[in-house]
Every structure is written in C-alpha cells, then in structure tokens.
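One structure, as structure tokens, below. Some questions next.
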Amino acid sequence: MKKLTPTIAIDGPAASGKGTLARRLAVHYGFHHLDTGLTYRGVAHALLEANMPLDNEDMACLVAEQLDLGTLNQEVLSAHDIGEAASKVAVMSRVREILVDAQREFANKEPGAVLDGRDIGTVVCPQAEVKLYITASPEKRAQRRHREVEQKGQASEYDQILTDIIKRDERDMGRADSPLKPAENAYLIDTSEMSIETAFTTAVSLVDKALFE
Ligand code: C5P
C-alpha cells in the first residue's frame, strides 16, 4: 500500500447508493467507515427533540461540539424527515467547521477510513488517495428511497419523495459553504442503470489501482 492510513472519499446526492457502497468498501478493505450525513442528522435530531429552531446556529454549535461519533444511531437518524432537517442545519458554516474537524480526526484512524458525504473529496479530505462521486437520476433515487421506506412498513408517497430529493439537491448543491460537487480528480459512477454489485466491482477496481499500483 502506498500510504499507511489511506482515505477513500465518497460523495454524491441523497439516495445515490453511496452509503451502501461505502459500507461495502470498508468491509472489503478492513477500513473504518463514517457516514458523515449522520453527523448532520445527529445535530438536526437533537434540535428537533429539544423543540429548537433548525436555524439557531449557537444552539446547533453546542450540540455539534457534544456529538459523539461513536453513538450515532443509524436506525433513528435514517428517517426521511431528519434528512430534510439535516440539510437545513448543514448550511451553517460554524456547525460545519465543528463537524468537519471531528470527521478529519476520524479519517486518520488506522489502518484507513472510508468517509461518505457531500464534501469529503472537496473539503474534508482533499488529500484522499481515491475519490468517488456516486450519482443517479432523481427519479431512480426517489424510486429507491420509496422502496426502502415501504420495506420498513412505513407509508411512502413517490411524488413527495421525488419533490423532496429535488429540493434537497438544490439546497446541497446551491449552498455557499461546501456545496455538493465532484472533486476535480474524482471518478464518476452513475448508478442509474447499474446494480449495486456492478457499482461495487467498479469501485474496487478504481480503489485497487489508486492504493496498490
Ligand atoms: O447523506 P445524508 O442524506 O444522510 O445527509 C443528510 C444531509 O446532511 C445532506 O442533505 C446534506 O445537507 C448534509 N451533509 C452535508 N455534508 C456531508 C454529509 C451530509 O452537508 N458531508
């Protein structure tokens, strides 16, 4: 391996498949994995629970400082509404600074780490050995999210999910601080017409090349 503690940076819009891919790559290489979306979701969830407005930056900073990356409950935080709330919290620069510091510390864990999010290759770990940008059409992403919610036995409306996904893309891509965009040297993988298996083998061959050749 070229470097002792390599980082694999994975970015992309909501429901692009980046989370599944990141988890599988982490298992494959024996690396740690951080879904950085959970850090923004964790802050949003705490504000919602405390009945605080989502745009109270001082309060959001306090919550962010106390966030323990080891206790983020994916089951609770994966709710669709918390994702929406997280993208509102994520526009606040001081909140981002605090969370990005914690994410960078995580990225230094040995023997290596996979981080997925919106700004990993551009802001959090611009030095990452390999950067992937995972995307898919809004319609495909809405279909996947709709199916996931239904499989959990919860009510889901495709049209509403598609509207939310388009709105979230606009918020994530249009914000002033760390907007979602591919890093200059990122490999683009469009999963619209691709199985997760094909996306995984494509990613492994790119990562192998970057880390071992
Ligand atoms: O990926 P996930 O849907 O869990 O992310 C929730 C929200 O958190 C995103 O819509 C985005 O606004 C924000 N986020 C971010 N930067 C990251 C990860 C997530 O701004 N690195």
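The values are calculated or read from the model by the stated rules, or taken from the named source; none is laboratory data. Computed from a predicted model, the values in this text were never measured in an experiment. Quick reminder, even Gly has a Cβ in these numbers, built from the backbone with ideal geometry, and neighbours come from all protein chains shown. Heavy atoms of the whole protein, side chains included, go into the accessibility calculation; ligands, DNA and RNA do not. Shrake-Rupley method; radii C 1.70, N 1.55, O 1.52, S 1.80 Å.
What are the ³J(HN,Hα) couplings of the range 179-187, residue after residue, when phi is run through the Karplus curve with 6.51, -1.76, 1.60 and θ = phi - 60°? Round to Hz, x for glycine and proline.
Per residue, the Karplus-derived 3J(HN,Hα) values read x, 5, 6, x, 5, 4, 9, 8, 8 Hz.
Counting other C-beta atoms within 10 Å, and keeping those with at most 12, which DSSP coil GluC sites (Glu not before Pro) do you find in the range 109-212? Write down the numbers at each step before the final one.
Details: sites: Glu129, Glu139, Glu148, Glu150, Glu157, Glu170, Glu184, Glu193, Glu197; in loops: Glu129, Glu157, Glu184, Glu193.
For GluC sites (Glu not before Pro) across the range 109-212 that sit outside H, G, I, E and B with at most 12 neighbouring Cβ atoms in 10 Å, the list reads Glu157, Glu184, Glu193.
Same structure, new question: Per residue, how much accessible area does the range 7-212 have with a 1.4 Å probe, in Å²?
Numbers: 9800 Å² over 206 residues.
Value returned for the range 7-212: 48 Å² of accessible area per residue.
Compute the signed sum of charges (Lys and Arg +1, Asp and Glu -1) over the other residues within less than 9 Å, Cβ to Cβ, of Ala22. Provide the component values of the computation, followed by the final result.
Values: positive: Lys18, Arg23, Arg24; negative: Asp35, Asp116.
Local charge sum for Ala22: +1.
Report, by chain and number, residues whose modeled amide H sits under 5 Å from the one on Ile8, excluding near sequence neighbours (fewer than 5 apart, same chain).
Amide H to amide H, under 5 Å and 5 or more residues apart or across chains, Ile8 pairs with Ala113, Val114, Leu115.
Between Phe31, Thr201, Ala107, whose Cα lies farthest towards the positive end of the dipole of the chain when Lys and Arg beta carbons carry +1 and Asp and Glu beta carbons carry -1, centred on the Cα centre?
Positive-most Cα among the choices belongs to Thr201.
Another question, if that's okay. Please compute, for the alpha-carbon atoms of the range 1-53, the extent along each of the three principal axes and give them in descending order in Å.
The Cα atoms of the range 1-53 stretch 48, 24, 15 Å along their principal axes.
Label the chain by shape, choosing from rounded, prolate and oblate, from the square roots a ≥ b ≥ c of the eigenvalues of the Cα gyration tensor; if a/c is under 1.5 it is rounded, and otherwise prolate applies when a/b is larger than b/c, oblate when it is not.
On the way: a/c = 1.72, a/b = 1.19, b/c = 1.45.
Oblate shape, in that a/c is at least 1.5 and b/c is the bigger or equal ratio.
With a 1.4 Å probe and all protein chains kept in place, how do His45, His28 rank by accessible area, largest first? List each step's numbers first, then the result.
Working: His45 50, His28 95 Å².
From most accessible down to least: His28, His45.
In debye, nearest 20, what is the charge dipole magnitude of the chain about its Cα centre with +1 on Lys and Arg Cβ and -1 on Asp and Glu Cβ, if you could check?
Computed charge dipole of the chain: roughly 460 debye.
Give me, ordered by chain and number, the residues 5 or more places off Arg175 or on other chains with an amide H under 5 Å from its own placed amide H.
Amide H neighbours of Arg175: Leu180.
Each residue of the range 201-211 in turn: what ³J(HN,Hα) in whole Hz from Karplus with 6.51, -1.76, 1.60 and θ = phi - 60°, glycine and Pro shown as x?
5, 4, 5, 4, 5, 5, 5, 4, 4, 6, 8
Only sites in a loop by DSSP and with at most 15 other Cβ atoms within 10 Å count here; which trypsin sites (Lys or Arg not before Pro) in the range 25-119 make the cut? Working shown, then result.
Details: sites: Arg41, Lys88, Arg94, Arg96, Arg104, Lys109, Arg118; in loops: Lys109, Arg118.
Here the trypsin sites (Lys or Arg not before Pro) that fit, given the DSSP loop and packing criteria, are Lys109.
Per DSSP H run of at least 4 residues, take -39500 (n - 2.57); add these up for the chain, divide by its residues and hand me the 222 nm value, nearest 500 deg cm²/dmol. Walk me through the numbers before you get to the answer.
Working: 9 runs with 112 residues, N = 213.
About -16500 deg cm²/dmol.
If you don't mind, there's one more thing I want to ask. Of the trypsin sites (Lys or Arg not before Pro) in the range 125-201, which ones lie in a loop per DSSP and count no more than 12 other C-beta atoms within 10 Å?
Working: sites: Lys131, Lys140, Arg141, Arg144, Arg145, Arg147, Lys152, Lys167, Arg168, Arg171, Arg175; in loops: Lys152, Arg175.
Those that pass, being in a loop and sparsely packed, are Lys152.
Using the charge dipole of the range 7-212 (Lys, Arg: +1 at Cβ; Asp, Glu: -1 at Cβ; taken about the Cα centre), state which of Ala90, Ala60, Val130 has its Cα farthest towards the positive end.
Val130
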